[in-house]
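Below is one structure, written out as structure tokens, with a few remarks after it.
The values are calculated or read from the model by the stated rules, or taken from the named source; none is laboratory data. Every value quoted in this text rests on a predicted model; they were computed, and no experiment measured them. As a convention, Cβ positions derive from the backbone with ideal geometry for all residues, glycine included, and neighbour counts pool all protein chains shown.
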Amino acid sequence: MKQSQIFFPTLKEVPTEAQIPSHKLMLRAGLVRQLGAGIFSYLPLGYRIAKKVMNIIREEMDAIGGQEFHLPALNPIEIWEQTGRVEAMGDVLFHIKNREGLVLAPTHEEIITFHARQHIHSYRDLPQIWYQIQTKFRNEPRPKSGVLRGRQFTMKDSYSLDATREGLDASYEKHASAYRNIYSRSGLKFFVVGASSGAMGGSASQEFMVESPYGEDTCAVCDSCGYAANIEVASSALSAAERIADNNSTEEFATPGARSINDLINGYNIPEERCAKSVVYIVDSKPVLILMRGNDELNEAKLQSALKAVNLRPAEAAELLEITGANAGSIGPVGLKTPALIIADNLLRDANGMVSGANRDGFHIRNIDFNRDFTVSSFHDLRMARAGEQCSNDCGNALRVVNAIEVGHIFKLGTKYSSALGATFLDENGTENPIIMGSYGIGVERIIACFIEQNHDDKGIFWSPAIAPYHVHILGLNIKKSEITREVSEKLAQQCAEAGLEVLYDDRDESPGVKFNDADLLGLPVQVIAGERNIKDGKIELKIRATGERKTVEIDKAIDEIRDILRI
Ligand code: ATP
Ligand code: MG
């Protein structure tokens, strides 16, 4: 393809709306353009990349027996009402204003289940894996970070339909391995975490994550054993302190001005591990006092699953006063004004010699014994794991806490949608059962943007051969003046094409500097630098974009060399 003839609008300046590298580079390299908040147009080079990603996804889905559908984005709202998701999705669901009763699909569980209900009647019709690569619409409240969070985006979504739990396990495992292949083939470095299952009823689910400072998720990862978990469920190897020998009785003491654990540590010389912080939550309308060690942060997701709670929130100031008799900073488990459930973090098991609030403003109590002075109804892992703590897999390595972007999600749905929509089948005994389902999603744009986040420098992107818009960039230098350079460049372009390589030939009447900059910005894996001096020696220069490595090779060996570099 001749560069002079294609639409490839590069930008020298970084557009002000773009904050993160992938967004800046996708705009600068002419891959996408923004049409509105969270709405992007793919330009031709960007769409070439998207098609390559979609093809990899398609091949891997076909390899696990997936059958490709293409479902409408326009959906009757009744189906969404039947599963309760009009309400659950709230503002994220786009409603059509001038045609009542239609919504734009943010995902397709409902529609798949609708078709399953129509045509799946017997265990003999199962299992099935149905997928599509299609446009999704979500009215994201804060579309940002370019295509990473769009209001319209492309998702591969698939759904497994099974007759048994074992069948679902098998379909889920197939997806897990297909997903690994998809990311590996695309060239993404990723890790997998078990997602928080609290609100979902405990079914298995995994998220595929890409480490990035711009990620909206936080994960704890161990680089030694590969442990990775969403911070909502991550744990570390810390254990409770030994009981201390001096078990004196409780004693109230004045702590004017001490409102935080740090005030106690610094102002009253109390070691952090002797402090028990009290936090009060209203959990499903009931007050719960939660004790954490020192400055440990309460993890709400862990609290929610420990108490199997539906709704929870921190108590307000007035409620605190009513329950404990004191304001935040002076509350504790001993002598509550109103009885409340008391639970504690595992690190406080059997604790004694502890300091906590006295439920009287400006006072604390020392020598508190958790086994003597009040009743802890249960102990749980309730703390937020922190960077630097040891991995809980006994590998002795320090955990890192990183931001990450979710690129995919696999989820055992069970019978939620099939029950709601009446999609049932007759099992071998003739009994009617709801179909057991799984749901699996991958964001196409997220793969592209995450790839760029991991593979770029100041000058531009470096694509992997698998998803590069073209494989080879031939830069014909000064071809207006140098006939021989033009001839050799054209011949090489033709030979590349004959060898099955996709080639972009920069035949423009631009300076070498402009060509080098554009080539580095676009980031095709191999650059062929065709300059007269080398050509007169029968040679050509190759540059590997990712490493910057340069090689001067004989012209008639160039194609073999390029294929070697690309490994295709
Ligand atoms: P997030 O928590 O980031 O909003 P999600 O949990 O809503 O993601 P799913 O509903 O599981 O995402 O969708 C499956 C996949 O679709 C995600 O793993 C992600 O790759 C992609 N995706 C979801 N929302 C968007 C979006 N607004 N823009 C681009 N891709 C998205
Ligand atoms: Mg979302």
Quiz prompt | Pick from segment 135-178, criterion surrounded by 19 or more Cβ atoms within 10 Å (Cβ to Cβ), away from ligand 2 (no atom under 15 Å from the Cβ) and in a strand (DSSP E or B), ranking: farthest from the chain's Cα centre (by Cα) | solution = 162
Exercise. Give me the pairs, please: first residue somewhere in segment 533-555 and assigned to a helix (DSSP H, G or I), second residue anywhere and surrounded by 13 or more Cβ atoms within 10 Å (Cβ to Cβ) and of a type in the set (A, V, I, L, M, F, W, C), beta-carbon distance under 6 Å, and either six or more positions apart or on two chains.
Key: 534/540; 535/488; 555/540
Quiz item: In this structure, is residue 416 of a type in the set (Lys, Arg), in contact with a helix residue (DSSP H, G or I) (Cβ under 7 Å, 6 or more places away or on another chain), farther than 21 Å from residue 529 by Cβ and crowded, with 17+ Cβ neighbours inside 10 Å?
Solution: no
Quiz item: Which numbered condition trips up residue 97, out of (1) within 16 Å of ligand 1 (Cβ to nearest atom); (2) without any contact (Cβ under 8 Å) to a residue 60 or more places away in the chain?
Solution: (1)
Quiz item: How do the strands (runs of 3 or more DSSP E) wholly within segment 4-80 filter down when requiring 2 or more residues that are touching a Pro at 6+ places or on another chain (Cβ under 9 Å): which remain?
Solution: 32-36
Quiz prompt | Unmet requirement for residue 378, which otherwise passes all of (1) surrounded by 16 or more Cβ atoms within 10 Å (Cβ to Cβ); (2) hydroxyl-bearing (Ser, Thr, Tyr); (3) at pLDDT 95 or above | solution = (1)
Quiz item: Can you spot a residue in segment 53-69 that is touching a residue at least 40 places away in the same chain (Cβ under 8 Å), more than 15 Å from ligand 1 (Cβ to nearest atom), of a type in the set (D, E, K, R) and crowded, with 19+ Cβ neighbours inside 10 Å?
Solution: yes
Exercise. State whether one or more residues within segment 225-234 are outside any strand (DSSP E or B), free of Cβ contacts under 8 Å to residues at least 12 places away in the same chain and within 16 Å of ligand 1 (Cβ to nearest atom).
Key: no
Quiz prompt | Among (1) more than 30 Å from residue 148 (Cβ to Cβ); (2) free of Cβ contacts under 8 Å to residues at least 40 places away in the same chain; (3) out of contact with any helix residue (DSSP H, G or I) (no Cβ under 8 Å at 6 or more places or on another chain) - the single one residue 433 does not satisfy | solution = (2)
Quiz item: Would it be correct to say that residue 482 is within 16 Å of ligand 1 (Cβ to nearest atom), crowded, with 18+ Cβ neighbours inside 10 Å, at pLDDT 95 or above and among the small types (Gly, Ala, Ser)?
Solution: no
Quiz item: Which ranges mark the strands (runs of 3 or more DSSP E) fully within segment 249-330 that have 2 or more residues being touching a Ser or Thr at 6+ places or on another chain (Cβ under 9 Å)?
Solution: 276-283, 286-293
